[in-house]
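Here's the structure we're looking at; comments come further down.
The values are calculated or read from the model by the stated rules, or taken from the named source; none is laboratory data. These numbers come from a predicted model, not from an experiment. Cβ: placed from backbone, ideal geometry, glycine included. Neighbour counts: every protein chain shown. Keep in mind that these areas ignore ligands, DNA and RNA; they rest on the heavy atoms of the full protein, side chains included. Shrake-Rupley method; radii C 1.70, N 1.55, O 1.52, S 1.80 Å.
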Amino acid sequence: MTRKTLGLDESLHNYLLTVSLREPDILSQLRQETAQLPMAQMQIAPEQGQFMALLVQLIGAKKTLEVGVFTGYSSLVVALALPEDGHLIACDVSADYTSIAQRYWQTAGVAQKIDLKLAPALDTLDQLLAQGEGETFDFAFIDADKSNYTNYYERCLQLLRPGGLMVVDNVLWSGRVADLEVQDNRTNAIRAFNRHVHQDSRVALSLIPLADGLTLVRKL
């Protein structure tokens with residue numbers, strides 16, 4: 001028994017996957033292809049993806065948003081969890097990486113659910129707000145450039161309906177956020193973001209040590 005969160009060594013992590021992970025073949029294939037890329041570490045863990053799919057289903061999400069697509073694992077997870085009339089707006093700036101994502105969305109039969117916006121995400125989010133889309137989204141996932149985390153958070157919070165859920169990735173940053181000797185810009189941006197959310201009375205939150213750390217935010 002313990003009163004604090006367990007650290008996972010390799011054997012315990014493998015056990016977790018053995019008794020929990022139910023990864024569809026299409027997601028496994030995408031993960032294997034992505035693993036061959038130079039920036040493979042940007043992909044989310046499969047157990048994180050499964051958790052996100054469960055969240056989407058639990059809240060009955062239909063209208064969803066993603067900031068940061070990479071090769072499309074997280075967007076494919078969400079799209080597969082959405083009902084047939086569900087919709088995902090996916091924001092990214094890389095045509096190369098998202099071309100891989102689009103291929104898998106098509107193969108999985110969910111491409112019609114996903115609207116890819118190849119533009120700076122802040123531009124897309126501001127455009128959605130200008131079009132009157134505020135408080136209409138059920139779910140948002142943020143996993144993009146860390147310097148803009150607080151900006152993404154503020155836009156997504158405006159776009160979420162009351163009771164909507166936001167999930168933000170990499171908030172533990174491989175433990176670097178707790179090491180005061182680490183003072184690079186990205187680490188400091190995540191520290192600032194974590195403090196910002198912790199002090200935000202507009203939301204209920206929980207930071208969980210899944211994968212690289214996930215903050216779950218429910219708009220009040």
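What to note about this one:
- Solvent exposure of the chain amounts to 51 Å² per residue of accessible area, where only protein heavy atoms count and the probe is 1.4 Å.
- Inter-label distance, Glu84 to Ser147: 4.6 nm, where each label sits 7 Å from its Cα along the C-beta direction.
- Other residues whose C-beta falls under 13 angstrom from the C-beta of Asp115 contribute a net charge of 0, scoring Lys and Arg +1 and Asp and Glu -1.
- Ordered by 1.4 Å accessible area with all protein chains kept, Arg202, Arg186 run largest first as Arg186, Arg202.
- Among the listed pairs Lys113/Lys219; Lys4/Lys146; Lys63/Lys146; Lys4/Lys113, a Cα-Cα separation exceeding 32 Å is found for Lys4/Lys113.
- Neighbour-limited loop hits for trypsin sites (Lys or Arg not before Pro), segment 1-67 (at most 12 other Cβ within 10 Å; DSSP other than H, G, I, E, B): Arg3, Lys4, Arg22
- In order through segment 122-132: 3J(HN,Hα) via Karplus (6.51 cos²θ - 1.76 cosθ + 1.60), integer Hz, x for Gly, Pro: 4, 5, 5, 5, 5, 5, 4, 5, 5, 7, x
- Projected label points at Ala192 and Gln106, each 7 Å from Cα along the beta carbon direction, are separated by 4.1 nanometres.
- Estimated at 0.36 nm per residue, the fully extended path between Val182 and Thr18 surpasses their Cα-Cα distance by 55.6 nm.
- Among beta bridges identified by DSSP and lying wholly in the chain, the antiparallel ones come to about 35 percent.
- For segment 111-165: rounded, prolate or oblate by the Cα gyration tensor [a/c cutoff 1.5]: rounded
- Ranked order, Arg218, Arg155 - accessible area, probe 1.4 Å, largest first: Arg218, Arg155
- Top positive-direction residue, dipole computed over segment 11-148 with Cβ charges, set Phe139, Phe70, Ser11: Ser11
- Qualifying GluC sites (Glu not before Pro) for segment 39-86 [loop in DSSP, other Cβ within 10 Å: at most 15]: Glu84
- Student exercise, segment 51-133 dipole from Lys, Arg, Asp, Glu Cβ charges, in Debye to nearest 20: 220 debye
- Radius 14 Å from Cβ of Ile208, net charge of other residues (Lys, Arg +1; Asp, Glu -1): -1
- Neighbours of Leu27 by Cβ distance under 15 Å: Lys/Arg scored +1, Asp/Glu scored -1, total -1.
- Heavy-atom accessible surface of segment 41-181: percent carbon and sulfur, 1.4 Å: 51 percent
- Mean-square fluctuations from a GNM of the chain, with a 10 angstrom spring cutoff on Cα atoms, peak among Leu30, Leu160, Leu88 at Leu30.
- Whole-angstrom Cα spans of the chain along principal axes, big to small: 46, 40, 33
- Here segment 1-124 was treated as a single set of alpha-carbon atoms; its pair distances binned every 5 Å from 0 give 2, 11, 19, 22, 20, 12, 7, 5, 2, 0 percent.
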